[in-house]
């Protein structure tokens, strides 16, 4: 069961006060760096990605620097991020497309971003939101879990979760809500043992009302 729009706003206001420093976990200086970092972050922690990219971005400053690199050599540089063979191929092929089709620039449109190897809807939304400052809400595992537990969404589908979040939250809060829900998912609404007893939004949360409180 989904909560109301007023309840959704109340939750976001509470989370804003709880996590005043909520911001992207990946380190980047531009759209290119964020795109590469987000591709590397698949099934890997932001902390690990940041360690790898700290060295990586000193060496590769643009798509042109990466497009002709041997994927096997690049694998060694990103090995700590896991799934490195696929990520290496995807990143290098993405850089080739960026150079050939977009003059070395990262496009700021969902459709164009999703045509790039290794870029799904979540990655595209992360780049659109954080690099280009456009209203978008990326649904990662934390956002998906927390949204559906609380009642901001009510679906087993990631894309539908995104659609429901866009419906229930004001557009100007989409990007911030993404970060707030991630912070809440990491600190309180964890996957295995959510800390419902100390959660500041448990008076609205559908999971707490239906499965914990009673």
Mind checking the angle between helix 158-168 and the chain's longest principal axis? C-alpha axes, 0 to 90 degrees, to the nearest 10. 60
Give me the angle, in degrees from 0 to 90, between the Cα long axis of helix 84-102 and the longest principal axis of the Cα atoms of the chain, rounded to the nearest 10. 70
Could you tell me what % of all Cα pairs in region 31-130 have separations over 18 Å? 39
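Using per-residue counts of other Cβ atoms within 10 Å, averaged over each peptide, order 7-13, 129-135, 35-41 from highest down.
Working: 7-13: 18.6, 129-135: 16.4, 35-41: 26.0.
Packing proxy ranking, top to bottom: 35-41, 7-13, 129-135.
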Could you give the angle, 0 to 90 degrees to the nearest 10, between helix 46-59's Cα long axis and the longest principal axis of the Cα atoms of the chain? 20
Pick from 85, 192, 145: which is most flexible by mean-square fluctuation in a GNM of the chain where alpha carbon atoms under 10 Å apart are linked? 192
Each label point is 7 Å from the Cα along the Cα-to-Cβ direction; what then is the distance between the points at residue 101 and residue 155, in nm? 2.6
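Which value at 222 nm does the chain reach when only helices count, each DSSP H run of 4 or more adding -39,500 (n - 2.57), with the total divided by all residues and rounded to the nearest 500 deg cm²/dmol? Don't skip to the answer; put the middle values down first.
Values: 11 runs with 119 residues, N = 214.
So the calculated ellipticity at 222 nm is -16500 deg cm²/dmol.
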Over the chain, calculate the relative contact order: mean separation of alpha carbon pairs under 8 Å at least 6 apart, over the residue count, as a percent. 23
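Taken together, the values in this text are just the output of simple stated rules run on the coordinates, not laboratory data. Model, not experiment: these values are computed from the prediction. Here the Cβ is made from the backbone with ideal geometry for all residues, glycine too, and neighbour counts use every protein chain on show.
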